[in-house]
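Chemist: Below is one structure. I have some questions about it.
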Amino acid sequence: MRTQAHPVRAAWLVIAGLLAVMLLLAGCGSSDDSSSGGGEELTKVGKGEGSLSLISWAGYVEPEWTKPFEQKTGCKVSDKVAGTSDEMVQLMRTGQYDGVSASGNASARLVDGGDVDPVNVSLVPNYKTIFSELKDQPYNTFDGVHYGIPHGRGANLLMWNVNDVKPAPTSWSVILDPKEAAKYKGKISAYDDPIYIADAAVYLKAHEPSLGIENPYELNEEQFNAAVDLLKEQRSNVGEYWSEAAKQISAFANGDVQVGTTWQYQYFELLGASEPIAASPASQGFLPKEGATGWSDTWMISSQAKHPNCMYMWMDWIVSPKVNAEVAQFFGEAPAQSLACEHTEEKNFCAKYHAENPAFWKRVYFWETPVSECGNGENDCMNYNDWLQAWTAIKG
Amino acid sequence: MASEAAVERRSAGHRLADLFHGRPRLQVGALLAGPVGWLVIGYLGSLAVLLIAAFWTVSPLSGELTRSLSLENFETLVNEPVYRDVIWRTVRIAALVTITDAILAFPIAFYMAKIASRRGKAILVVAILLPLWSSYLVKVYAWRTLLSSGGIINWALEPFGLHGPGFGITAVWLVMSYLWLPYMILPIYAGLERIPDSLISASEDLGASPFTTFRRVILPLVFPAVVAGSIFTFSLTLGDFITPKLVSNSQFIGTVVFNNFVTNLPLASALAMVPIVVMIAYLLVARRLGAFEHI
């Protein structure tokens, strides 16, 4: 019985030790907050520093185009693949990377946090021929200052199984209107990310004009709550929330879900596997009548980059016509480089992905980071933290 | 020269030996300094960092950490009903998985310990350990295939006009019960091994029915082992986030921590404290029940 007394004493010692360490940390941790607006942009690209470390989406940094880059510039590329925009922000904050392929729901956070520097686009010769509607956008240009080089873009499509979903839907109401969605209860596929709230906002913008939604990423409390309530209602009808493309492909192929929001990548994968799949047809501009959300990725340079010259060379390389065509085909997205379309292996690739169709992209609301300060001067928009917490509440 | 150096070295070694000679406390201290140092700095230290973060907040504009103490995150956990739902759901499923595993594990462990031949015993131990050799992810994905609409479970049930559970909380319960079963079987097996066969014979000789023998003799003796096994099944279910993500849409403590970890580390840390508190309470109860008497 002697042993009975000891564990309790040991436990108290451990707890006391933990408290001591915590207090110590609390004491020294309170002094380092920096949110400066970023440093100076480069004025001249010098000799490469011999290496380059990147954070990217899977499929953006592949040997097919990094090997020739290394031979040409002597910059040895190491890449860290991130699974989500949140993870990209987290990795960039470590200051150990030179650059990142940020989507619009990460870029403003990186700029606000002082994690990235402005980019001098005159040092990136291939920038000139990038599709003009990708330049000076709210997700890559802040207060008129360029913060990155556009890489490629895609829209979030409405996809359905033609055997189960009849007639062919023309509107997001098939998954968002509570009555219509109930028809496919348990068979709806939705994107598992706070940014999906914007999809509901796009729908409400068209169907509830009294809310006065302009930009689906700039929502005041009333507009935001309406979108959140819509998704809470949708939840009981959702069969599966997806975050990795592979998970959604298997769910559609196995019949676990029949209709939902997707990327071009999954759509063409499933079509290629001869699955009975359709997405909004060309006659409707390939989008449901409300339009859709989408993503446009931007290469940004870290404010703590140790190899800025290599990073500038990389940003030029990745949007050079041949390489941009390779990446776009590998990943399944529309290239940012207008000259890339001549270099695609598949002749009608650019047409398939609407790369040269500005009318298509006009109705796509590219991901942005929701911030309180949303241009109306009142700072009353819901910020990303609100979106995140609401997303937890939506999923219940 | 060389021999001089050797003498020097030997004398240094001797001096070290002299230092430790007759000082058992110093001997033990030197031996344990490395492992204990690692435990305190690497293990408890990182835990402390995580826990202190629970009192920080995140600046809404840039998403950077504000390192001043506040109870805001705990207020959120208490005031937002969604977190209470998530915590309650997680604890419930952990309890359910534990009970399921205990019921499944007992007959297997009993057969291994008391009935099987030496060879049969060896084969069973290997069979139970075998799944632990394959990757966790492979096993969960295998269950995803089994449970999907066009999967084997639905195919087998179809002739009877039935449907499988599909993805959802039931699927989480099934997969977790499958995953952690070996952690329950092995402690119960070890506990049953320790019960002398003579006790069971004596009970029978005294006229007890098999059920009475089980209830009055075996169960009280093996109960601490069941509690020890339940610590594994309970705590592993409490913290898991991959299985719920792959076979359900429901949120558990682990998935919410995972989703908030990057953008709102303080809230994630505060939520991560919940399983720690639950487990401390659980361990205190387990100690009462005698789970640690043989450790």
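The values are calculated or read from the model by the stated rules, or taken from the named source; none is laboratory data. Since the structure is predicted, the reported quantities are computational estimates derived from the model, not experimental observations. Neighbour counts run over all protein chains shown; Cβ positions are idealised from the backbone, glycine included.
Each row is one residue, and each column tells you yes or no for (1) touching a Pro at 6+ places or on another chain (Cβ under 8 Å); (2) without any contact (Cβ under 8 Å) to a residue 40 or more places away in the chain.
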| site | (1), (2) |
| --- | --- |
| A:T94 | no, yes |
| A:V119 | no, no |
| A:V124 | no, no |
| A:K128 | no, yes |
| A:T141 | no, yes |
| A:I149 | no, no |
| A:L158 | yes, no |
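Chemist: Take region A:48-77 and flag every residue that is more than 25 Å from A:W295 (Cβ to Cβ) and either aliphatic (A, V, I, L, M) or not in a helix (DSSP H, G or I) (or both).
Modeler: Answer for region A:48-77, where residues must be more than 25 Å from A:W295 (Cβ to Cβ) and either aliphatic (A, V, I, L, M) or not in a helix (DSSP H, G or I) (or both): A:G48, A:E49, A:G50, A:S51, A:G74, A:C75, A:K76.
Chemist: From the set of residues in region A:360-391 that are in a helix (DSSP H, G or I) and in the same structural domain as A:E290 (by TED's automatic domain parsing), which is surrounded by the most Cβ atoms within 10 Å (Cβ to Cβ)?
Modeler: The initial filter retains those residues of region A:360-391 that are in a helix (DSSP H, G or I), namely A:360-362, A:384-391.
Now narrow it down to the ones that are in the same structural domain as A:E290 (by TED's automatic domain parsing): A:384-391.
On the way: A:Y384: 28, A:N385: 21, A:D386: 19, A:W387: 24, A:L388: 23, A:Q389: 20, A:A390: 20, A:W391: 20.
For region A:360-391, the residue satisfying everything is A:Y384.
Chemist: Another question, if that's okay. In region B:42-78, what residues are touching a Lys or Arg at 6+ places or on another chain (Cβ under 6 Å) and either part of a helix (DSSP H, G or I) or closer than 18 Å to B:V274 by Cβ (or both)?
Modeler: So in region B:42-78, the residues touching a Lys or Arg at 6+ places or on another chain (Cβ under 6 Å) come out as B:56, B:63.
If the condition is that a residue be touching a Lys or Arg at 6+ places or on another chain (Cβ under 6 Å) and either part of a helix (DSSP H, G or I) or closer than 18 Å to B:V274 by Cβ (or both), then B:W56 is the only one that fits.
Chemist: Looking only at region A:266-306, count how many residues are closer than 16 Å to A:A168 by Cβ, within 23 Å of the chain's Cα centre (by Cα) and among the polar types (S, T, N, Q).
Modeler: 1
Chemist: For region A:339-359, how many residues are in a helix (DSSP H, G or I) and over 23 Å from A:A206 (Cβ atoms)?
Modeler: Of the residues in region A:339-359, 9 are in a helix (DSSP H, G or I) and over 23 Å from A:A206 (Cβ atoms).
Chemist: Looking only at region B:221-230, decide whether some residue is within 11 Å of another protein chain (Cβ to nearest Cβ), of a type outside the set (S, T, Y) and either out of contact with any Cys (no Cβ under 6 Å at 6 or more places or on another chain) or part of a helix (DSSP H, G or I) (or both).
Modeler: Start the filter on region B:221-230 by keeping residues that are within 11 Å of another protein chain (Cβ to nearest Cβ), which leaves none.
There is no residue in region B:221-230 that is within 11 Å of another protein chain (Cβ to nearest Cβ), of a type outside the set (S, T, Y) and either out of contact with any Cys (no Cβ under 6 Å at 6 or more places or on another chain) or part of a helix (DSSP H, G or I) (or both).
Chemist: Let me ask something else. Report yes if some residue within region A:225-245 is within 23 Å of A:D86 (Cβ to Cβ), of a type in the set (F, W, Y) and part of a helix (DSSP H, G or I); otherwise report no.
Modeler: No, because not a single residue in region A:225-245 is within 23 Å of A:D86 (Cβ to Cβ), of a type in the set (F, W, Y) and part of a helix (DSSP H, G or I).
Chemist: Inside region A:182-222, can you point out the residues that are in contact (Cβ under 8 Å) with a residue 40 or more places away in the chain, charged (D, E, K, R) and surrounded by fewer than 17 Cβ atoms within 10 Å (Cβ to Cβ)?
Modeler: Answer for region A:182-222, where residues must be in contact (Cβ under 8 Å) with a residue 40 or more places away in the chain, charged (D, E, K, R) and surrounded by fewer than 17 Cβ atoms within 10 Å (Cβ to Cβ): A:K185, A:E221.
Chemist: Here is a check on your reading of the model: is B:L39 part of a helix (DSSP H, G or I), surrounded by 12 or more Cβ atoms within 10 Å (Cβ to Cβ) and out of contact with any helix residue (DSSP H, G or I) (no Cβ under 8 Å at 6 or more places or on another chain)?
Modeler: On the way: part of a helix (DSSP H, G or I): yes; surrounded by 12 or more Cβ atoms within 10 Å (Cβ to Cβ): yes; out of contact with any helix residue (DSSP H, G or I) (no Cβ under 8 Å at 6 or more places or on another chain): yes.
The answer is yes for B:L39.
Chemist: Let me ask you something else. Considering every residue within region A:200-210, establish whether at least one is modelled with pLDDT of 95 or more and part of a strand (DSSP E or B).
Modeler: Checking region A:200-210: not a single residue is modelled with pLDDT of 95 or more and part of a strand (DSSP E or B).
Chemist: So, in region B:126-151, of the ones that are surrounded by 13 or more Cβ atoms within 10 Å (Cβ to Cβ), within 20 Å of the chain's Cα centre (by Cα) and at pLDDT 90 or above, which residue ends up nearest to the other protein chains (Cβ to nearest Cβ)?
Modeler: Restricting to residues being surrounded by 13 or more Cβ atoms within 10 Å (Cβ to Cβ), within 20 Å of the chain's Cα centre (by Cα) and at pLDDT 90 or above, the top hit is B:V140.
Chemist: Condition check: crowded, with 18+ Cβ neighbours inside 10 Å, more than 19 Å from the chain's Cα centre (by Cα), more than 11 Å from every other protein chain (Cβ to nearest Cβ) and over 30 Å from B:L219 (Cα atoms). Does B:S248 satisfy that?
Modeler: When the stated conditions are applied, B:S248 does not pass them.
Chemist: Just for region A:255-313: of the residues that are in contact with an Asp or Glu (Cβ under 8 Å, 6 or more places away or on another chain) and in a helix (DSSP H, G or I), which one is farthest from A:V61 (Cα to Cα)?
Modeler: A:Q264
Chemist: Here is a follow-up. Has region A:107-116 got any residue that is away from chain B (no Cβ under 14 Å) and of a type outside the set (F, W, Y)?
Modeler: no
Chemist: Hey, another quick one. Return a yes/no flag: does region A:349-358 have any residue that is in contact (Cβ under 8 Å) with a residue 12 or more places away in the chain, of a type in the set (K, R) and away from every other protein chain (no Cβ under 14 Å).
Modeler: yes
Chemist: Can you work out which of the residues in region B:42-75 that are surrounded by 17 or more Cβ atoms within 10 Å (Cβ to Cβ) and among the hydroxyl-bearing types (S, T, Y) is nearest to the other protein chains (Cβ to nearest Cβ)?
Modeler: B:S62
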